Amino acid sequence: MNVLILLIGGNPLPNYITAKYLLTKGREDESDLPVPDKIVFVYSKSTEIFKKSIITQLALDEKQHVIPINLDANERDPETIMRRLREELHKFAPAASLHLNYTGGTKTMSVFSALIFSTICCREP
């Protein structure tokens with residue numbers, strides 16, 4: 001399974017562009033950057049509207065392709081971010097590929113998502 005993780009912040013454009021590109025089938029770099037089967041949206045109460053907008057614009061089937069992680073008002077709480085992301089990512093282990101787009105969200109979301117991502121992806125077999 002190929003999984004894309006998007007951290008949703010106040011500017012949805014970087015996440016939209018990344019997802020739109022990766023969802024394009026037949027790209028020359030598809031073997032290096034596979035088309036995602038699932039997209040994990042990490043968002044907060046204040047950025048839920050942007051998550052919904054990206055899903056609508058990409059015409060994603062929410063039940064089939066979207067995994068929501070709603071942090072509510074905890075988008076700056078390292079423990080919540082790491083726990084929620086760890087819970088979801090372990091469901092995909094071992095994934096064929098994981099791609100983290102950390103350009104959105106809060107700085108705390110980016111740092112601690114990258115930390116969890118690296119512990120899951122960089123484990124010795």
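The values are calculated or read from the model by the stated rules, or taken from the named source; none is laboratory data. Keep in mind it's a predicted model, so treat the numbers as computed, not measured. So basically every Cβ, Gly included, is an ideal-geometry build from the backbone, and we count neighbours across all protein chains shown. Keep in mind that these areas ignore ligands, DNA and RNA; they rest on the heavy atoms of the full protein, side chains included. Shrake-Rupley method; radii C 1.70, N 1.55, O 1.52, S 1.80 Å.
Residue by residue, here is whether (1) over 14 Å from the mean Cα position of the chain (by Cα); (2) among the small types (Gly, Ala, Ser) holds:
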site	(1), (2)
VAL42	no, no
ALA59	yes, yes
ARG76	yes, no
THR108	yes, no
Sole residue being over 15 Å from ASN101 (Cβ atoms) and assigned to a loop (DSSP other than H, G, I, E, B), chosen from SER53, SER31
SER31
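Okay, residues lined up against (1) touching a His at 6+ places or on another chain (Cβ under 7 Å); (2) of a type outside the set (A, V, I, L, M, F, W, C):
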position	(1), (2)
LEU4	yes, no
TYR21	no, yes
GLU28	no, yes
ASP32	no, yes
VAL35	no, no
PHE50	no, no
THR56	no, yes
ALA73	no, no
ARG76	no, yes
Regarding the range 33-47, can at least one residue be identified that is among the β-branched types (Val, Ile, Thr) and open to solvent by 60 Å² or more (accessible area, probe 1.4 Å)?
no
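Considering the range 96-115 alone, what residues qualify as being touching a strand residue (DSSP E or B) at 6+ places or on another chain (Cβ under 9 Å), of a type outside the set (S, T, N, Q) and either surrounded by 19 or more Cβ atoms within 10 Å (Cβ to Cβ) or touching a residue at least 24 places away in the same chain (Cβ under 8 Å) (or both)? Talk me through it step by step, then tell me what you get.
Quick first cut of the range 96-115, residues touching a strand residue (DSSP E or B) at 6+ places or on another chain (Cβ under 9 Å) only: 96-106, 109-110, 113-114.
When the remaining residues are screened for being of a type outside the set (S, T, N, Q), the result is 96, 98-100, 102, 104-105, 109, 114.
Residues satisfying the conditions are ALA96, LEU98, HIS99, LEU100, TYR102, GLY104, GLY105, MET109.
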